[in-house]
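Structure, as structure tokens:
Just so you know, all these numbers are worked out from the coordinates, no wet-lab data involved. Keep in mind it's a predicted model, so treat the numbers as computed, not measured. Heads up, the Cβs are rebuilt from the backbone with ideal geometry, glycines too, and the neighbour counts pull from every protein chain shown.
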Amino acid sequence: MKKKIGSTLVVGSGISGIRSALDMAEQGYQVTLIDKEPHLGGVLTQLDYQFPTDHCGMCKMLPLVERDSSSQYCLRKGLFHENIDIMLSTELVAMEGEPGKFQVTLRQKSSIVDQERCIGCGECARVCPVEAPDPFNGGLTDRKAIYLPVPHNIPNAYVVDLDACTHCGECEKICPTHAIDFGKEERKKFRILVVDDELIVRDSLKEWLLDEGFDVDMAESGTEALEKMSKEHFHLKLLDIKMPGMDGVEVLKRAKEIRPDLPVVMMTAYATVETAVEAMKIGAHDYLMKPFDPDNLIPLIVNLYHDIQSAGVKEMEVGSVILAGGFDSYDPSTGKDTYGYGLFPNVVTSLQFERMVSGTGPNQGKILRPSDGKEVKKIAWFQCVGSRDQQADADFCSSACCMFAIKEALLAKEKSEGQIDTTIFYMDMRTFGKDFQRYRDRAEKESGVHFERSRVHSVETTGKDDGTLRVAYADTTGTKHEEDFDLVVLAAGQRPPTGAEEVAETCGVVLNPWGFCQVEGFSLSRTSSEGVLVGGSFSGLRDISESVIQASSASLEASRLIHSKGGGLAEEVSPETGFRDVSREMPQVLAVLCKCGGTLSESADFDEISSWLEAQGSVTGVHAIDSLCTHEGWDELKETLQGNSANRILIASCMPYVYARKLRELGRSAELNPELMEVVDIRTLAFPGRDTEKEAVHQEVRAVLSMGIGKLKGMDPLPVATSRIVQKALVVGGGIAGMTAGLAIADHGFEVTLVEKAAELGGNARTLHRTIEGHSPQELLEESISKVEKHPLIRTHTGAKIIYSQGHVGNFSTSIEKEDGQGETLDHGVTVLATGGIEAKTESYSYGESEAILTQHDLEEKLAEGGVEPANLKTVAMIQCVDSREEPRNYCSRICCQSALKNALFFKKQNPETDIYIFYRDMMSYGFMETYYSEARKAGVIFVPYDVGQKPEVSVEDGRPRLSALDPILGREWLLEPDLLVLSTGVVPDAGREVAEQFGVEVNQDGFYQEAESKWRPVDFIKEGVFMCGLAHSPRSIAESVAMAEAAAQRALRILNSDRLASGSVVAEVRHSLCALCERCVAFCPYEARHHDEDEEMIVVNELMCQGCGSCAAVCPNSASVLRGYRDQQVFEVIDAALENVV
Amino acid sequence: MAKTAKIDVKEQNLLTALRGFFKALLEDGDMEALLVPQHLPMKNVVMPTLVTDPEKSNTADPLAPVFPMNAAKMVSRLTRRPVGGRIAVVLRPCEIKAFIELVKLKQGSMDEVILVSMDCYGTYGNVDYTRFAGDDGADASLRFYENVVSGKGTAWEDIDISPACKACEHPVSESADLQIGMLGVDTKDHLLLKAMTGAGEDLLEKLGLPEGEEPEGRKKAIEDLVSDRVAYRDKMFEETSEATSDLNKLTAYLGNCVNCYNCRVACPVCYCKECVFVTDVFDHEPSQYLKWAKRKGLIKMPTDTVFYHMTRLAHMSTACIGCGQCSNACPNDIPVMEIFRTIASYTQRAFDYEAGRSLEEEPPLSVFKESEYSEVTGGKD
């Protein structure tokens, strides 16, 4: 295990929170990961299918090296990592101190249910009388007040929704493991002081509260209250605002002086609500509105009680804080135009639709109309609901909706085998990400998804009262249509997460005008508060891969900060204990049976099972424990193991997944390799209510026990192999991305060699002079170059090229040829490829025939040189998507629309009289870029859409360009003779396939580097140890390149961080004497962890890269390739055991 | 495209003409060696021989209706690593197909070999051939050929060519460098020699043989033969499917197997150094046998028989080229070839693959397609 070098707090456990937490944990930091929800995973728990693969893939974020430190199963089911503490239902309530040394206060709400004791049997929900809409299914179904937050968690414990709960106590009575506790006994000790000048209020409150079991005292004035407070101890004070003499606010102020920690709840009539809000600011816990109705008031007070009494408060010191609060979805019913949402049941949001197609959704994945349960035949998607809508206070694009609408349409097609008719109504289809355009084209051309460019006018019923919806819209020519649909899906936009303001205030970070976290200049993760970073959608409007990149950028910055402060918050770790060497002993199995708190005794006889176990060969002991999941139970197991000679442990309980982490602990305390411990699930088999004969249950239990014994007998774990790491990095490409990555790695204390083919550092940024936001790339460039040149750990070779590279993660060797022609061979543990991109050349639109025809890049340079005088320009035309978004360059270059907007706005500012025309296909002003699009329209820039089949035509006469184009909206032709015609030609990769081949990595069909997985591993190559960033991955802005470079550095650091890296305990090996060198396993290995060493004539496994998937063992015909822990003999034995008791 | 020459027969007999050609391969074709079936001096059997002295190819007999083993395995031995010179190998079409599979499995290389194929009329089993050949193998070969050409067929007394040959739809190799054609050719006058590849053409050039032409009737002659064989094959598939349609029938089908593993040794594409069934994986604990026996009250010894054949089917049926050496090697007359070819017809069709057809086709298990077999995986990929 690595030594802990600091700690960090990650707020929010969605995708980006998990990414940041894993990043930090893999680097060796101690991480506390909190979420205000009672489950991990954020919104992703509700989304089963991710584009472009249309399945999940979240697990690909799990560690690939040092795999044994973390869980290795479905990440939607749960997560553990030995360096991550997960606290759910927890919020950050206070933060003090300084960067590198923050004191944070966390508050964890009670879930009423003891999460350790709950066995998820569901009895409580069965008896719960309260039905409430289930937010997991977007309110399409109901759940009980005691419920499972998500259906698929492991372990999956119930929680109580206190807002819905009536505190009837039925669940508490029925719970077989006594996991539910509403604290009725504790209430007697909970003293409430009621302060009100009106006797009737005091009396009725007292009566109600006594009924609920609380201890109540009263005061009729502020003075009396303060007097009582100084003498006696109270737990809660209910305080009236309007009282004669000293008013409530004054009492509050004084009370805070005497007893600052006493929660005070203000009582207020409507007239004094504002005062109550004021009171909150000076420390009131909450306020209650008069007049009181006991049915409403009592649950509120009980909730307060739970809030105050059962909430756990934890204070801790952390080096940095990463905010990853995600986003909330816009609620269309709050908008000016609701499109019938909330009124017509067949109008749903995109999130609700995701639930409708999910197997755990309302109809198990069948797409049925909410109104009548009939099969859906026709669906419409409306884009930009609550986005790009200034009336909804959303002058931004939510960035992700276009792609998920396409994905949802494709899912609808797939689930219905093409039968459902799908139409997407949109303004611009924003397919600006890598490979998005081809996905869209496939949806349109291959799957028949219909795209209609139109903002829908209205949604009405057909009058037939069958739930069918009539959609009225006008097409691009202005022709009006009415069309009937079974279902309308609203692409509800993103909003800042609930509680964003409080968190921002707590952490001292600034929010942007829309309530998302404001980030700094060229960083996507640095906030206005040093040491507080932001990851994912909380900084605004991102899809999964961008969130993942940015989350890693945040963790890099967090780590850099902790590192710069010396990482002084190291947590002590006991030195690794060695395991007993049992390799020469005969297998001796100790079987431990968990009785699950006695719940299983009805259906299974533990004595009988115990004696059967004792009679089994290798079993040397049997021990039954009442409840293994409790602390007491676990301690009992540990004690049993003390001095026990058993060298294999079989635990028969429940949910084997959950034990992985516990077994590692147990292994340490018992000095026994956890690989020699096996957990089998007997609870599912023996759980009451299966309506199965006892003997049949026994038979099944015996089978799983035998299987466990069979597996254990054959285990012969080896010490986990470690590989030496060359703790140096090679960065190829000296542009902004390469320099950023190099600096990030060097700042952590590792040597970096930076190789740039040009004579100077800087790459593309050398020619960029302003961003649309008004930042200066030149400043960033100068600063970066200066830092690189001064950095003692960075060696730079300009004018140099790569000759040859070989090796694998941790040990690469690369030869370069330097400017002077000299060769040098570099040893390095990781490689970052940041070889950049360049503006695409074009021959379209008469480029080259007139000096007035420029590319955006040409224009940028001319403007910088003063070669264009805006005052003299009467007409400027720009054409977007030149040679782009159609084969062979069928991708969006993402940055051209902002270049066009930037330059158009610049011209308009310099000379408002200039007519500017932008001919576009879809304006890709994603995210907050949308405001500039709005601004440009306001400034009078004319945007003319064109269709790819009917492009503008350009000719040159007397050196002047002439442009003609059809305006589909006006239905007439534009004829322009612009002074300048600017072509947006997009970006192509610079290095080409050659560099990729040298490093043994892949490029996609457009020549950009091919990432291991577009969403979950966006900066990794399949080949471990090589990472990518910047334009060589895909077109992106400077800030996005910086974020990606930081993410790549982060991924690199997790390898560089220690001088040896451990592989997993389950890895493949080769029995060379049996191997015929057919290389099937080499071709089959999805991790490129095997190669044929021609000199040694053997197949070699790289244990670091091997992920233990077993494909090689499956494809090898004579088991020359074997997976440790899954040898044939062992598996045969398990199969035999499974069949042994089959009659 | 293909360059065509002829090997004159005229006054000599077929074998003499062929021997002359083989000698020329060594002398004029710049071949380091020749792998060709020959009658061995000490006994009247035909075995592949590796010849470097042109004078020692004088008992070569590729016409003998026998191939005691699939010589692809020999070519694999010669080419697993660089051998240091070019070798011409004279093979039957099924041997060439097997060799192509072995090359894909990295068990051989095409780099230093020239594949010379002969049209194949089928072969007798090893034991039958000895009887048929009597004392004069060369004469027997000619007799066999004359019977076939004259329409008398392949049968002699109670002997006939093996079921594998009767079901073989590839009597002519399309993958050799040089094809020696007899079907539809006036072999009294000449044999057809056709270069199928660039290497074949180069060699043809060097040999300086008279130009020839593919006779018109050849295509039809091949088609007729293939169509008879396909009919036989399909009937065999049907009967074998029926005979093995459930586990009980399959067990009965393999009932007299003694786990000698001869079929696996004889199989040209079974390339493992050591079959998993003879490794420690199947070296069960003695007590295990007792356990198994107790479960059912009786088990057949040796165990793992059906398991063995099913495993071999799983591993190798996609590479099965149908040569029938498995049946040839079986001491207990189990119709191994029949079941292998039947299953292979399904597995190869499932992957749109034909074993031995082309080096360009990747073996199915080396190729991963996300969208494959959704009906089996239940998912979309």
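Of note:
- Axis angle, to the nearest 10 degrees, between helix B:286-296 and the longest C-alpha principal axis of chain B: 70 degrees.
- Along the stretch A:15-26 the Karplus relation, 6.51 cos²θ - 1.76 cosθ + 1.60 evaluated at θ = phi - 60°, assigns HN-Hα couplings of 3, 6, x, 5, 4, 4, 4, 5, 4, 5, 5, 5 Hz to successive residues, with x for each Gly and Pro.
- Shown for A:Asp331, B:Asp177: other C-beta atoms within 10 Å of each C-beta, ranked fewest to most, produce the order A:Asp331, B:Asp177.
- Using only Cα coordinates, the Kirkwood hydrodynamic radius of the stretch A:840-986 works out to 15.3 Å.
- Scalar couplings 3J(HN,Hα) for the stretch A:245-257, obtained by applying the Karplus form with A = 6.51, B = -1.76, C = 1.60 to θ = phi - 60°, are x, 6, 7, x, 5, 5, 4, 4, 4, 5, 4, 5, 6 Hz; x denotes Gly and Pro.
- Peptide A:1073-1079 has a mean shielding of 6, counted as Cβ atoms of other protein chains within 10 Å of each residue's Cβ.
- Take B:33-41, A:957-965 and order them by the average number of nearby Cβ atoms within 10 Å per residue, most first; the result is B:33-41, A:957-965.
- Ranked list, fewest to most other Cβ atoms within 10 Å of each Cβ, for A:Cys1112, B:Cys263, A:Cys397, A:Cys121: A:Cys121, B:Cys263, A:Cys1112, A:Cys397
- Separation of the stretch A:915-976 and the stretch A:693-727, taken as the distance between their Cα centroids, equals 66 angstrom.
- Were the residues from B:Glu274 through B:Asn259 laid out at 0.36 nm apart, the gain over their Cα-Cα distance would be 3.9 nm.
- Where labels lie 7 Å past Cα in the beta-carbon direction, separation of A:Glu505 and A:Thr722 in nm: 4.9 nm
- Cα centroid separation, the stretch A:1014-1054 to the stretch A:308-336 (Å): 28 Å
- With Cα atoms, 0 to 90° folded angle of helix B:93-104 axis to chain B main axis: 60 degrees
- Of the three principal axes defined by the Cα atoms of the stretch A:185-309, the extents in descending order read 35, 31, 26 Å.
- Karplus 3J(HN,Hα) series, Hz, for the stretch A:462-472 with 6.51 cos²θ - 1.76 cosθ + 1.60 (x for Gly, Pro): 7, x, 7, 6, 10, x, 5, 10, 9, 9, 9
- Shielding by partners - mean other protein chain Cβ count within 10 Å, residues of B:271-283: 5
- Placed amide H near A:Tyr804: partners under 5 Å, 5+ positions off or other chain: A:Ser815
- Shown for chain B: cysteine residues without a partner Cβ closer than 4.7 Å, namely B:Cys120, B:Cys165, B:Cys168, B:Cys257, B:Cys260, B:Cys272, B:Cys275, B:Cys320, B:Cys330.
- Set of lysines near A:Lys173 by C-alpha distance (under 30 Å), chain-local residues within fewer than 8 positions excluded: A:Lys36, A:Lys77, A:Lys109, A:Lys144, A:Lys184, A:Lys188, A:Lys189, A:Lys206, A:Lys595, A:Lys694
- Amide hydrogen proximity for A:Leu193: with H placed 1.01 Å from N in the peptide plane, the residues at 5 or more positions away or on another chain lying under 5 Å are A:Asp217, A:His235, A:Leu236, A:Lys237, A:Leu238.
- Residues whose placed amide H lies under 5 Å from that of A:Ala624, excluding near-sequence neighbours: A:Leu593
- FRET efficiency for the pair A:Arg442 and A:Arg661, taken as 1/(1 + (r/R0)^6) with r the Cβ-Cβ distance and R0 = 56 Å, rounds to 0.85.
- The label-point distance for A:Ile282 and B:Asp202, in a model that sets each label 7 Å from Cα toward Cβ, rounds to 9.9 nm.
- When both bridge partners sit in the stretch A:185-309, DSSP labels roughly 0% of those beta bridges antiparallel.
- Rounded to 5, the percent of DSSP beta bridges in the protein assembly as shown classed as antiparallel: 50 percent
- For residues of A:1127-1134, the mean tally of beta carbons on other chains within 10 Å: 3
- Gain upon complete extension [A:His178, A:Met1098; 0.36 nm per residue less C-alpha separation]: 325.3 nm
- With a Förster radius of 60 Å applied to the beta-carbon distance between B:Arg86 and A:Glu185, the computed FRET efficiency rounds to 0.05.
- Efficiency of FRET from Cβ geometry, B:Leu290 and B:Leu50, R₀ 45 Å, rounded to 0.05: 0.35
- Pairwise Cα distances in the stretch A:330-493 exceed 25 Å for 26 percent of all pairs.
- Note on the protein assembly as shown: semi-axes of the ellipsoid equivalent to its C-alpha gyration tensor, largest first and rounded to whole Å, are 67, 46, 32.
- DSSP-loop GluC sites (Glu not before Pro) across the stretch A:698-802, with at most 13 other Cβ within 10 angstrom: A:Glu760
- Each label was represented as a point 7 Å from its Cα along the Cα-to-Cβ direction; for B:Asp352 and B:Glu112 these points are 3.8 nm apart.
- A:Ile772, B:Ile161 arranged by Cβ crowding within 10 Å, fewest neighbours leading: A:Ile772, B:Ile161
- Computed log₁₀ I(q)/I(0) - Debye formula, equal Cα scatterers, no solvent, the stretch B:247-377, q 0.15, 0.20 Å⁻¹: -0.83, -1.22
- For chain B, the longest principal axis of the Cα atoms and the long axis of helix B:198-207 meet at an angle of about 40 degrees.
- Available extension along the chain between A:Lys909 and A:Arg1071 is 51.0 nm, counting 0.36 nm per residue and deducting the alpha carbon span.
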